[in-house]
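Written out below as structure tokens is the structure these notes cover.
Rule-based calculations on the coordinates, nothing more; no lab input. The model shown is predicted, which means the values in this text are computed figures rather than measured ones. Please note: Cβ atoms are built from the backbone with ideal geometry, for glycine as well, and neighbour counts cover all protein chains shown.
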Amino acid sequence: MKALEGVRVLDMTHVQSGPTCTQLLAWFGADVIKVERPGSGDATRGQLRDIPDVDSLYFTMLNHNKRSITLNTKAEKGKEIFIKLIESCDVLAENFAPGALDRMGFSWERIQEINPRIIYASVKGFGPGPYQDCKVYENVAQCTGGEASTTGFDDGPPTVTGAQIADSGTGLNMALGIVTALFQRETTGRGQRVECAMQDGVLNLCRVKLRDQQRLAHGPLTEYPQYPHGKFGEATPRAGNASGGGQPGWVVKCKGWDTDPDSYIYVIAQAASFDQLARIIGHEDWLEDPEWNTPKARLPKLDQMFDEIEKWTMTRTKFEIMEILNPLNVPCGPVLSMKELAEEPSLRETGTVVEVDHPTRGKYLTVGNPIKLSDSATTVTRSPLLGEHTDEILREILGLGDDQIESVRNEGAV
Ligand code: CAO
């Protein structure tokens with residue numbers, strides 16, 4: 001039995017943030033019914049296509065283990081079917097532009113009237129406030145949530161990150177919100193509203209930068225590369241590759257860096273293992289030198305320290321360094337390319353990278369469930385074709401017969 005078996009989700013999500021959430025619920029065993037507009041479906045089916053007329057990887061990698069029904073929720077007959085689906089589902093998840101569901105005639109009040117036990121969960125770009133009506137995509141939220149202003153180098157522009165912290169990050173938040181609401185429903189018997197703003201989600205992940213904003217009032221941020229030679233302004237600056245924690249860290253070059261753009265490793269020069277690090281890089285002299293042998297003494301010259309570390313790391317590959325430094329308790333991590341991650345056998349073994357077969361695309365790789373439950377193992381199954389389960393759902397959940405299905409189809413509702 002899967003953890004969420006018996007939970008039925010009416011999935012009105014599209015693009016990335018919402019589908020990330022409902023895919024997780026599906027991986028935990030929920031029956032996720034993806035409602036898509038007849039004809040086109042989720043816009044990502046056709047975006048960034050690598051193979052003509054085949055669902056894109058963008059879509060397939062976000063919609064595993066779901067069923068798809070096409071339904072025009074703006075048509076009268078479509079609304080009737082939608083109401084029946086609301087009645088029979090535990091969760092309604094959506095991430096349309098603000099007010100879209102209301103405009104279809106389905107406000108939270110109306111949804112509760114139809115099914116008081118339903119959990120109605122939404123992702124929006126912003127919470128209540130001046131921007132609440134805005135449409136938002138990933139990088140917009142990275143900019144408005146504090147990520148961009150704090151990422152990049154001091155002398156460069158604000159930088160967005162390749163990790164989809166706003167979309168997939170907020171999807172994770174919504175999944176937790178839904179499961180928590182389901183848990184509370186066990187006691188109250190009532191559903192509730194779950195609202196997740198992408199700006200809030202990004203800011204939550206930038207918590208340490210708001211920490212640093214407040215520390216600025218009490219002096220320079222000594223672990224930032226701006227210290228001691230550069231200037232601090234009024235806001236948390238961009239910290240390059242400096243560690244966000246209390247131990248200094250930086251990305252340094254490894255053997256092969258001049259031809260391989262990913263020949264780098266992140267090294268953390270934590271106090272607890274500094275002696276071992278100094279010895280291995282050939283700086284035993286630092287151990288007795290008061291200019292170097294305390295964290296405080298090293299702080300104003302972290303750039304110099306990492307230059308010395310780099311002289312050593314440039315003589316070894318990133319994997320050799322991993323083998324050498326870890327036994328010395330020096331935390332470090334090779335910069336792994338997507339190619340290396342895709343080929344890593346241990347990630348295949350744990351189901352974090354999975355090969356999936358698709359009827360029109362063939363085999364492709366995806367990222368499986370990053371959350372492993374011992375009693376609810378995840379099996380990743382392919383994403384549905386557009387409307388693949390329309391008849392099945394109309395029959396099974398609405399109890400329609402062949403003639404009725406034919407009739408709603410002729411009306412253009414599905
Ligand atoms: N039947 C009938 N109509 C449907 C439908 C269906 N099954 N599914 C969607 N529609 C309609 C919607 O009701 C909406 O109509 P109105 O404009 O008349 O209300 C319309 O399709 C388009 O929906 P949208 O406005 O959400 O889509 P968009 O492409 O213009 O905007 C996005 C996309 C992502 C910017 C917007 O949905 C948004 O801001 N969502 C919230 C934030 C979010 O999740 N962003 C992350 C996206 S991932 O990068």
### Summary
Of the residues in the range 319-354, those that are among the acidic types (Asp, Glu) and closer than 30 Å to Arg279 by Cα number 2
### Message
Quick check on my filter: what residues within the range 325-334 are surrounded by fewer than 16 Cβ atoms within 10 Å (Cβ to Cβ) and aliphatic (A, V, I, L, M)?
### Response
Leu328
### Query
Scanning the range 144-159 for residues that are part of a helix (DSSP H, G or I) and in contact with a Ser or Thr (Cβ under 7 Å, 6 or more places away or on another chain), which turns out nearest to the ligand (Cβ to nearest atom)?
Ala148
### Query
Can you name the number of the only condition in (1) more than 25 Å from Thr144 (Cβ to Cβ); (2) crowded, with 23+ Cβ neighbours inside 10 Å; (3) in contact with a Ser or Thr (Cβ under 9 Å, 6 or more places away or on another chain) that Ile119 fails?
(3)
### strands (runs of 3 or more DSSP E) contained in the range 279-392 and holding at least 1 residues within 30 Å of Pro248 (Cβ to Cβ)
332-334
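Results for (1) assigned to a helix (DSSP H, G or I); (2) free of Cβ contacts under 8 Å to residues at least 40 places away in the same chain, shown as yes or no for each residue.
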position: Thr180; (1), (2): yes, yes
position: Asp200; (1), (2): yes, no
position: Leu210; (1), (2): yes, no
position: Leu216; (1), (2): yes, yes
position: Glu234; (1), (2): no, yes
position: Pro237; (1), (2): no, no
position: Trp250; (1), (2): no, no
position: Phe274; (1), (2): yes, yes
### Query
Any idea which of (1) at positive phi; (2) in contact with a Ser or Thr (Cβ under 7 Å, 6 or more places away or on another chain) is the one Gly362 doesn't satisfy?
(2)
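Any residue at all in the range 402-410 that is under 25 Å from Ala175 (Cβ atoms) and touching a residue at least 24 places away in the same chain (Cβ under 8 Å)?
Quick first cut of the range 402-410, residues under 25 Å from Ala175 (Cβ atoms) only: none.
Within the range 402-410 (the criterion being under 25 Å from Ala175 (Cβ atoms) and touching a residue at least 24 places away in the same chain (Cβ under 8 Å)), the answer is no, since none of the residues qualifies.
Just one of Val194, Val202 is of a type in the set (A, V, I, L, M, F, W, C), within 16 Å of the ligand (Cβ to nearest atom) and under 13 Å from the mean Cα position of the chain (by Cα); which is it? Let's see the steps before the verdict.
Numbers: Val194 fails: under 13 Å from the mean Cα position of the chain (by Cα).
That would be Val202, the only listed residue that is of a type in the set (A, V, I, L, M, F, W, C), within 16 Å of the ligand (Cβ to nearest atom) and under 13 Å from the mean Cα position of the chain (by Cα).
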### Query
Counting only residues that are within 9 Å of the ligand (Cβ to nearest atom) and assigned to a helix (DSSP H, G or I), which one in the range 122-143 is surrounded by the most Cβ atoms within 10 Å (Cβ to Cβ)?
Ala141
### Task
Please specify each residue of the range 160-174 satisfying the condition of being surrounded by fewer than 22 Cβ atoms within 10 Å (Cβ to Cβ) and either assigned to a loop (DSSP other than H, G, I, E, B) or more than 16 Å from the ligand (Cβ to nearest atom) (or both).
Val160, Thr161, Gly162, Ala163, Gln164
